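The values are calculated or read from the model by the stated rules, or taken from the named source; none is laboratory data. Remember, it's a predicted structure, so these values are computed and weren't measured experimentally. Glycine gets a Cβ as well: all are built from the backbone with ideal geometry, and neighbour counts include every protein chain shown. Accessible surface areas use protein heavy atoms only, side chains included; no ligands, DNA or RNA. Shrake-Rupley method; radii C 1.70, N 1.55, O 1.52, S 1.80 Å.
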Amino acid sequence: MNIFRLAGISLKTQELYAVVFASRYLDIFTDFISLYNTLMKLIFLGSSFSIVWYMRGHKVVRRSYDKDQDTFRHYLLLLPCLLLALLIHEKFTFKEVMWTFSLYLEAVAILPQLVLLQRTRNIDNLTGQYVFLLGAYRGLYIFNWIYRYFTEPHYVHWIPWISGIVQTLLYADFFYYYLNSWKNNKKLHLPA
């Protein structure tokens, strides 16, 4: 049994997430908030870049990655997200624009993964659960924002809210088929 099986996982999405965290956590070099905060940022960065390295460079892992199916041109997402961050941001500073860029990019980083799943159609349980939990994580943020809006004075952050809602909406179709397959105790299949 190969414990490093990556069939159904998109390297392109993993690369986008690595860019998301690298651009979001630039403050790690300039602002110390707490040891916990710094360690969590280092874990996110380290794990994201490790996953990319394993999928690209580890001889056992890269054999199970289906490069022929993972053809989404993910680099085309970078420029529009950067331009949007340059136009719509809270403050025009390098760190703030890069943080905003990371939010916009995170909103669409799942697209290569969703396209790969759509293309392969037959999704194993682990891959389906992985994508579902990624989407659920973002969906739960919406409840956090609602709670904070009603409990914290002046808690209004349109950029994270809108990008988070866009990201959650991108998962909506997948959620529908995932929950249907779970409810009916059937293997997850996406339509063509």
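So here's what we get for this one:
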{"item": "Karplus 3J(HN,Hα) series, Hz, for region 54-67 with 6.51 cos²θ - 1.76 cosθ + 1.60 (x for Gly, Pro)", "result": "4, 5, 8, x, 6, 5, 6, 5, 5, 5, 8, 7, 8, 4"}
{"item": "P(r) of the chain over all Cα-Cα pairs, binned every 5 Å from zero, in whole percent", "result": "1, 7, 13, 17, 20, 17, 12, 7, 4, 1, 0"}
{"item": "Helix-derived mean residue ellipticity, 222 nm - over the chain, DSSP H n ≥ 4, -39500 (n - 2.57), to 500", "result": "-23500 deg cm²/dmol"}
{"item": "Largest to smallest accessible area among Trp182, Trp145 [probe 1.4 Å]", "result": "Trp182, Trp145"}
{"item": "Residue-normalised accessible area of the chain, expressed per residue, 1.4 Å probe, Å²", "result": "62"}
{"item": "FRET E, pair Tyr147, Leu78, Förster distance 35 Å, beta-carbon r, rounded to 0.05", "result": "0.60"}
{"item": "Residue among Leu35, Leu169, Leu77 with the largest mean-square fluctuation in a Gaussian network model of the chain, springs linking Cα atoms under 10 Å", "result": "Leu35"}
{"item": "Label-reachable residues, region 95-125, where backbone N falls under 17 Å from a point 7 Å from Asn184's Cα toward its Cβ", "result": "121-125"}
{"item": "Kirkwood-type radius of region 1-100, with distances r between different C-alpha atoms, in Å", "result": "15.4"}
{"item": "Estimated distance in nm for a label pair at Trp158 and Tyr176, the labels positioned 7 Å out from Cα along Cα-to-Cβ", "result": "3.0"}
{"item": "Per-residue SASA entry for Thr30, accessible area with 1.4 Å probe, Å² rounded to 10", "result": "90"}
{"item": "Chain lengthening between Phe32 and Arg121 when straightened (0.36 nm per residue, less Cα-Cα)", "result": "27.5 nm"}
